[in-house]
1. Under a crude label model (7 Å from the Cα following the beta-carbon direction), how far is residue A:370 from residue A:33 in nanometres?
2. Counting only residues 5 or more places away or on other chains, whose amide H sits under 5 Å from the amide H of residue A:246 once H atoms are built in the peptide plane?
3. Can you give the calculated 222 nm mean residue ellipticity of chain B, where each DSSP H run of n ≥ 4 adds -39,500 (n - 2.57) and the sum is split over every residue, rounded to the nearest 500 deg cm²/dmol?
4. What distance in nm separates the simple spin-label points at residue A:276 and residue A:183, each placed 7 Å from Cα in the Cβ direction?
5. To the nearest 20 Debye, how big is the dipole of chain B about its Cα centre, given +1 on the beta carbon of each Lys and Arg and -1 on that of each Asp and Glu?
6. For segment A:207-472, what does the equivalent ellipsoid look like in terms of its semi-axes, each the square root of 5 times an eigenvalue of the Cα gyration tensor, given largest first in whole Å?
7. Determine the dipole magnitude for the protein assembly as shown: charges of +1 sit on the beta-carbon of Lys and Arg, -1 on that of Asp and Glu, nothing else is charged, the reference point is the Cα centre, and the result goes in debye to the nearest 20.
8. Which order do the peptides A:354-365, A:70-81, A:191-202, A:227-238 take when ranked by the mean count of other beta-carbon atoms within 10 Å per residue, highest first?
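Throughout, read-outs are computed from the coordinates displayed, never taken from laboratory work. From a predicted model like this one, the values you see are computed outputs, not experimental measurements. Quick reminder, even Gly has a Cβ in these numbers, built from the backbone with ideal geometry, and neighbours come from all protein chains shown.
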Amino acid sequence: MSLLPAAGLVMILVGVASHYATRSLQGFSAFPAANVALGIALVLVGAAARARAFRGFSGAASRRVALRALAIFAAGAIAAIGLGVASRSWTARLDLTVDRLYTLSDQTRSLCAELDRSGAVAIELVFFEDALLAKDARLLVAAYGAACPRVSIRDASRSEPPAGARALYTTTATTVIACRGGVCDPVGYPSERNITAALLRLSSERSPRVFFLIGHGEVDLASESDGGYSGLAALLRDQGFDVRALVGPAAAEGPAGADVLIAAAPERDLLPEEIALLDRWLESGGRMLVLAEPGLRSNLYSDLLLRWGFDLEDGVIVDAAASPLLENPSPLNLLVHLFAPYHPVSRTLSRRTMVLMPTTRPVALARKPQPDDRLERIAFATERARVDHDLTRALAGRSPARSDAAIGEPAVAAAGSYPRGGTGAAGEASAAEARIVVIGDRDFASNRLIGALYNRDLLLNAARWLASDESRIALTDKAWTPNQDPLTLQQTVAYFYFLAFALPEALLLLGIYAWWRQRA
Amino acid sequence: MIGRVLALARKELRQLFASPIAYVVGTAYVALTGIYFFQHLVSYNQLLFVYQSEGLGGGGFDQGTVPSHINVLNEVFVPAADDFGLFLLVVLPLVTMRVFAEERASGTDELLLTSGLRPFEVALAKHAVTYLFVVLLLAASAIYPAVVVSRAALGFEHLIALYVGQLCYGCAIASIGLACSSFTSSQIVAAVLGYSIPFVLLDFAWLSNAVSEPVARALGEIALLGHYGSFPRGVIELREVLYFASIAFLGWLASLTALELGRAR
C-alpha cells in the first residue's frame, strides 16, 4: 500500500478526533473538515493508483476464483446487512438486572392488554433521543413499544419537538412525552411508574372522582412535611384520579358526585346530619375509604362504621415481631405481610410484599347490616400480636410482654361490600353496591412512608377497588434495590493494590518468561 | 475439517503466547481497566461521602439521603463499560496486525494454502484464536467488577450482560483488525487500518451537520457505540448481538476473500 492512503487515514483520524475535542466549543469547524476532506482525497488517490497498477490475474481459472470470492463476499455482505435491517424491529431481549428494571410490571402489562382489548385510540410516546436521560430511558421506552400494541414510539429531537408536545418540552431533561389524539401529558422523570401513570391518565375516559372529607381534623393534604399527606393526594392524581376536597358532606352537593370518599382519620365528631348524609349515600351505593388511628375518637368510627359492620375498638396493636426499619424500633411498628388471598384489595399482596404501619388500630368485624352483605378482614398482624387498650402505656413502650387478652393475628384492615337497590340503571349491579375499606393506620400514607415498601400499593388497590377499577389492581412497578457503598474507600484501595498491580505484574512476568523461552 | 482447523488453531495459539506481544497487550489492558475501574469506584465513594456528610445536612443512609440514581450501576459500571470498550479498541489491533500480515511478509501464507488447508479453514482458525484471546483478556479484567458485584446487590447476571457486550464488541473490533491484516503484508499498515476503521465506525455524530437527517439516522444505525449501550445496563438485546455478530462475520468473510484473491493471483 502506498504512502498516500496511510497519510490519508491519519488525516481522517486527526480530523474526527479534533472535531470531538472541540465541538462543544465551536461546533463543526474548518480544521476537522479540511483534514477529513483531504484525508478522503488521499485515500481515493492511493486506491486509484493501486487499481491502475494492478496487473490482473494470471489466467481464466484465477479470474474465476477471484470472481467467486468477490461474489461470496458480496452475497455475505448483503445477507448481513439484510439481517441487520430486519432485526431492527426485533425486540427479543434478556433483562438481567437485579430488579428487572427494563421488564414491565404486571400493572403496566394489564393496562396495555386493556387498551388493546378496548380498541382505544393509540397512545404515542414521544422519545427525545438526544435528551440528557435518553440513554437510560431508551431500553424502558422500547419495552413499552414491544409489549403494548396500542402504544407506539416516536423518536424526536429536542431541536425540533413535535407540534403537540412542543409546549410540554420544558428542559433538556425532558425525555418522554405521552400523547393521545391532540392531548399530551408530560411524563416527568422517565421511569416505568411515571410512564404508566401517564398512560393511565391519557387512557381514562373519565377520571374516578375521589373526595377527601375535611373539616373534622383529618390529615393535612397540603402539607409537604414528613408528617403531611400531600403525597397521598399527588399519588392519586398521578394514577388518574380526580382528587377534590369535600368540606363537610352537609354542603349542598354532598358526596353525591364522588366515586370514592376518603375519610382520612377525622379527629372530631361529624355533625348528625353529616352522618345521616353519609349513611344515605352509602345506602345508595356509595364507596368509602376510612383511615383510622389509635386514640382518635369520632362518631364516624363509633356510629357510622359500627352500623356498617366495623368495630374499631380503641387500642393499638403490639407485636413483638415488629419492624426494625424506623429509627426508633418499637413493637408498635408493624410489618404487615399477612393478607387475605382472594379479596381484590389484598390478593396481589403477599409475604414478600410488606406494608409498614406504625401505631395501628385493630379493625374487627361487627354484625353485618344485612345478611347478604360481605365483610372480610384483608390484612393482619402476626400471630404473636395483640391489642393493648392502654394507649399511654403502649406508646411509652411499656406494654406487658404477655397478656390474657391476646388475640393473635388482629386485623389491620377490613373491607365490606353491600349489595343495595340503589338508583343505578338496570344492569349496573356494581354501581348500586356500596363498598367500604377501613385501614387502622393513617401514618402509612404520610409523605414519609407512602413510598416505603408496598404502602402505596395497599392504598391504590383500595382506591381502585372502591372505584370499581379492579382491572388495574396490580402491583405497581418495582422498587430499585439500592446498591450503594459496596466497598469502603480503604477496601477499594486494598483491592486495587492486590488486583490492579499484582495481576498485570504476573502477566508481564509471564511475558518475560515467554520471550526468554523464545530466545533460548 | 474440524481436525485441521483445530490443529491450525493450536499452532496459532502457541505462536500467539510464544510472543511477548500477547502478554504486553494483556498487561496493558488489565492495568488500564483496573486503574480506570478503580478511579470510578473512588469517585463514587467520594460522592457517597458528600451525600452522607452531616455538614451538608445529610444524615447517613438511615435518613435515605443518597438519591436512588446515585448507585454502583450508574456511577461505576456504565462509565467503566465505556472505558473498557475504548481500551479494547486500543489494544486489539496490536494483536490482530500480525495474524495474516506476518505470514504474507514471510511468505508462509503460500505454504499454508498449499498444505491442504482451505482458505475457509485458515480464516476460521485464525479468527477463532483471536476471539479466544479476547475472551481471556475479558476474563482477566472481570476480576475487578466481580469483586464489587459480590459486595453490592448488582447481581452476577448483570455482570454477565456487561461482559457479553464486551465480548461481542471485542470480537467485532478484532474481526475488523483481522480483515485489515489479511489485505496487507505490512503489520504497520494493518495496525493503522485496524485502528482507523473501527475508530471511524465508532460514532458518526461528527457527520451529522454535513448530511441530511435520514442519512445521519442510517449512519447512526451502523455506528458501533449505538449498539453497545444496553449491555452495561444489564440487558442483552438479540438485535445488538446480531449486529456485532454480523460485523464479525463480515470481517471473517473479508479475510476469506483476501486469502482467495491471494490464491487467485
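1. About 8.2 nm, to one decimal.
2. Amide H neighbours of residue A:246: A:212, A:213, A:214.
3. Numbers: 10 runs with 197 residues, N = 265.
The helix contribution divided over chain B gives -25500 deg cm²/dmol.
4. Placing both labels 7 Å along Cα→Cβ, they lie 4.0 nm apart.
5. Working: 14 positive and 18 negative charges, 191 e Å.
With Lys and Arg at +1 and Asp and Glu at -1, about 920 debye.
6. Details: eigenvalues 161, 76, 69 Å².
The equivalent ellipsoid of segment A:207-472 has semi-axes of 28, 19, 19 Å.
7. The dipole magnitude comes to about 3920 debye.
8. On the way: A:354-365: 24.1, A:70-81: 14.3, A:191-202: 21.8, A:227-238: 19.2.
Ranking the peptides A:354-365, A:70-81, A:191-202, A:227-238 by packing returns A:354-365, A:191-202, A:227-238, A:70-81.
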